[in-house]
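The structure appears below as structure tokens.
What follows draws every value from the coordinates through simple rules; no lab data is involved. Predicted model, so just to flag it, every value in this text is computed and none were measured. Here Cβ is always computed from backbone atoms with ideal geometry, including for glycine, and neighbour counts include all displayed protein chains.
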Amino acid sequence: MNHWVELDKRYFMDTGHRRLGVTLVRGEGARVWDEVGKEYLDFIAGWAACSLGHCHPVIVEALREQSERLILASLDVYTTPQIELAELLTSASGLAKVFFCNSGAEANEGAVKLARKYGKLHLNGAYEVISALKSFHGRTLAMVAATGKPEYQAPFTPLPEGFSHVPFNDVAALRAAVGERTCAILLEPIQGEGGVNVPTENYLKEVRDLCDERGLLLILDEVQTGCGRTGTLWAHEVSGIKPDIMTVGKGLGGGIPIAALLANDRAACFGPGDHGSTFGGNPLCCAVATAVFRFIVKEDLSGSAVRVGSYFRERLLGLQEEWDIVKEVRGRGLLLAIEFTKPVALAMAKACCERGLLLSPIPPQTIRFMPPLIISPQDVDQAIVILDAAIAQIK
Ligand SMILES: Cc1ncc(COP(=O)(O)O)c(C=O)c1O
């Protein structure tokens, strides 16, 4: 056990992470290094947040420049980086208004507050939000309630009320669950943490229709799927619909903490005093996110996610042909997963880590791939060689 691991075990709350056991000290592009200089190809990328890879010059330069100018102000004043990013994101999403915050969970909290206020104003006080089983929306108490995973909820009951869950990709179940008290439906366009579950083609369109029929708001949580990761700027674009409210985070800042809540004119009903944040929308993070977002668009990283993502997918399908233990390959763009026939996810991720590839296990039997959007086909080849060797060892 190295010195840092000993200290961590002494001081850090045991939330069950550090599953791979390595201590990282440096990163560049799609690669990171540990404290003894061992190199790893990073297909976790800060859980899909490091969209441009590690320490990208665009990020470093934006951080440097803005940190010399203005780091934090308050929502009592205007700051130019916030306004620039607001204009960029609203025009890129077609949604009218934005509020900035610090994490995906916080963005989703804001979305639910917005939906509840809308319910008070327009739906006779309806306040319930229906989300999906196996969903993931964050770790605050209300987002634990919104998340469709009983194992994340059990230690923290009683949970805030007003949340219910139905199976993902099941419009009939949603339709049956909508009641007098429902104000919104909250969904990930592709479930990330739940195992990279891609719904059938018409799902979102039918959910949109249901919301329109019943006057409900559709909230899409694009915290993981947004900003180019799945091959379009927003994952919902392929369904040809628009949400009323959308949350984004992770890849938006390329590694720095920023998230956003966007809403159309109908849903954007916050008034003065309804919402706030000390650090949300600070000039430093907004300047970086603006630089990252512009880079994603200018360099067409969504297009790269399509091209490199389909090459990656093909190579994973090759592994499926080669190895019986690989049950399924799922995902879109550069949000992919393989499911094994046995509960080997953690062992597989550890075996890959030993060979220099960082992967995110979803125990018991799924592994998720969310590399930086800047990876090359050669990086994919290297990952496949390592994965192949790990499968040969563990199968
Ligand atoms: C879809 C989705 N929503 C929300 C969150 C929570 O984001 P954060 O960890 O930034 O609070 C995550 C994080 O994994 C996520 O994948």
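For this structure, a couple of remarks:
- Rounded to the nearest 20 debye, the dipole size of the range 271-395 about its Cα centre is 140 debye, using +1 on the Cβ of Lys and Arg and -1 on the Cβ of Asp and Glu.
- R307-E68 pseudo-label distance in nm [points 7 Å out on the Cα-to-Cβ vector]: 3.5
- At 1.002 mPa s and 20 °C, Stokes diffusion of the range 70-298 via Kirkwood alpha-carbon radius, µm² per second: 122
- FRET efficiency, Y152 to D76 (Cβ-Cβ, R0 51 Å, nearest 0.05): 0.90
- Cβ-placed point charges (K, R +1; D, E -1), dipole of the range 254-315 about Cα centre in debye, nearest 20: 240
- Residue among G104, A115, A92 farthest towards the positive dipole end of the range 61-131, charges placed on Cβ: A115
- Modelled this way, with points 7 Å down the Cα-to-C-beta line, the labels at H17 and V5 are 1.8 nm from one another.
- Nearest-0.05 FRET efficiency for H122 and L346, computed from C-beta distance (R0 45 Å): 0.45
- Among L284, Y152, Q378 - extreme Cα towards positive end, dipole of the chain, charges at beta-carbon: Y152
- Segments 173-186, 237-250, 137-150 sorted - mean Cβ within 10 Å per residue, highest first: 237-250, 137-150, 173-186
- Ranking T140, L359, Y311 by how far each Cα lies toward the positive end of the dipole of the chain (charges on Cβ) leaves T140 at the top.
- Taking the Cα centre of the range 70-298 as reference, the dipole from Cβ charges on Lys and Arg (+1) and Asp and Glu (-1) amounts to some 160 debye.
- Paramagnetic reach from V25 (point 7 Å along Cα→Cβ, amide N under 18 Å) across the range 47-89: 55
- Put simply, when 52-62, 122-132, 11-21 are sorted by average Cβ atoms within 10 angstrom per residue, most first, you get 122-132, 52-62, 11-21.
- Rounded to 0.05, the FRET efficiency of the S91 and E213 pair, given R0 = 25 Å and the Cβ-Cβ distance, is 0.30.
- Fraction in percent of alpha-carbon pairs per bin - 10 Å, the chain: 5, 23, 32, 27, 12, 2, 0
- Over 22 Å (Cα to Cα) - which of K9/K342; K117/K242; K113/K205 fall in this group: K9/K342; K113/K205
- Share of alpha-carbon pairs per 10 Å distance bin for the range 225-286, given as whole %: 19, 43, 32, 6
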